[in-house]
1. With all pairs of different alpha carbon atoms counted, what Kirkwood hydrodynamic radius in Å does region 162-226 show?
2. Counting Lys and Arg as +1 and Asp and Glu as -1, each charge on the Cβ, what is the dipole of region 158-228 about the Cα centre in debye, to the nearest 20?
3. Considering only the other residues whose Cβ falls under 10 Å of the Cβ of GLY121, what net charge follows from Lys and Arg at +1 and Asp and Glu at -1?
4. Taking the simple approach of a point 7 Å from Cα along Cα-to-Cβ for both ASP189 and VAL50, what is their distance in nm?
5. What fraction of the Cα pairs in region 93-228, stated in percent, has a spacing above 25 angstrom?
6. So for GLU127, GLU76, GLU159, what's the accessible-area order with a 1.4 Å probe, most first?
7. Assuming R0 = 25 Å, can you tell me the calculated FRET efficiency for the pair ASP198 and ILE176, based on Cβ-Cβ distance, to the nearest 0.05?
8. Take VAL231 and LYS128, extend 7 Å from each Cα along the Cα→Cβ direction, and tell me the distance between the two endpoints in nm.
Amino acid sequence: MSENLERRRFLKGLGASSLILAPLGCSSVKDKEDTNKPHYVMVFDQNKCVGCGECKDACNKANHLPEGKSRLLMEEQSSAVEGQPCPHCGKTNDCGCQRKFVRVSCQQCKNAPCVTVCPTGAAHRDEKTGIVTMDAAKCAGCKYCIGACPYDARFINKETDVADNCDFCLNSKLAIGELPACVQQCRYDALIFGDANDPTSYVSKLLAVKDSVRIKPGFGTEPSLRYIPIVKLGV
């Protein structure tokens, strides 16, 4: 299946409006869990992303993904209004000033439906980190987790016949004490990763002062992927 088709499936499952990072359909994230266990989160700053795609390339390389498959996609969106001049440059055609991007990937839900429906325990939460990941030895390829994911963010890796998802590079980069590959590769600081339950961590301090949103919080999945939406001029 091509990446374009996967992207369309994601959009169909969420509704295109849910990828417009605005207050409608999202909720502010200010709270943290009252627990001593880590809660690893990733923050995507839409104001800084230029859509270069290097994060995706780094992820594919680090996690040895087959050609045509990716754990993350960059969805392009535009705030331009047809027939109205761009507030940045005054042009009425597609000037590119209002072209923005959003990360599309596994949301690393606290209440993960994929884990709940997996009959073999292959889709599970890592005991040490709490990150949702896969045990390849247990995966039966039933695709229950794929069907249960409300974000359409899982797929079968054709080389391993195992269901796959973004697990923050748990078994690649994190395993050797490094940040996820996408975070390391981003030259524009659009991606931030860390333990939201650690008050001394950068990501915890960032979320304390920045308004962030989660996609479709009404699903009750409590996503750990958080977004800092575009700051509109004049607002």
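1. Hydrodynamic radius (Kirkwood, Cα only) of region 162-226 equals 13.5 Å.
2. The dipole magnitude comes to about 320 debye.
3. That sum, taken over residues with Cβ under 10 Å, equals 0.
4. 1.5
5. The calculated P(r) of region 93-228 puts 32 percent of pairs beyond 25 Å.
6. The ranking, largest first, comes out as GLU127, GLU159, GLU76.
7. After rounding to 0.05, the efficiency reads 0.80.
8. Placing both labels 7 Å beyond Cα along the Cβ direction yields 3.8 nm.
The values are calculated or read from the model by the stated rules, or taken from the named source; none is laboratory data. None of the values given here were measured: they were computed from a predicted structure. In this analysis, Cβ positions are derived from the backbone assuming ideal geometry, glycine residues included, and neighbour counts consider all displayed protein chains. To get the accessible areas, we keep the full protein, side chains included, count just its heavy atoms, and leave off ligands, DNA and RNA. Shrake-Rupley method; radii C 1.70, N 1.55, O 1.52, S 1.80 Å.
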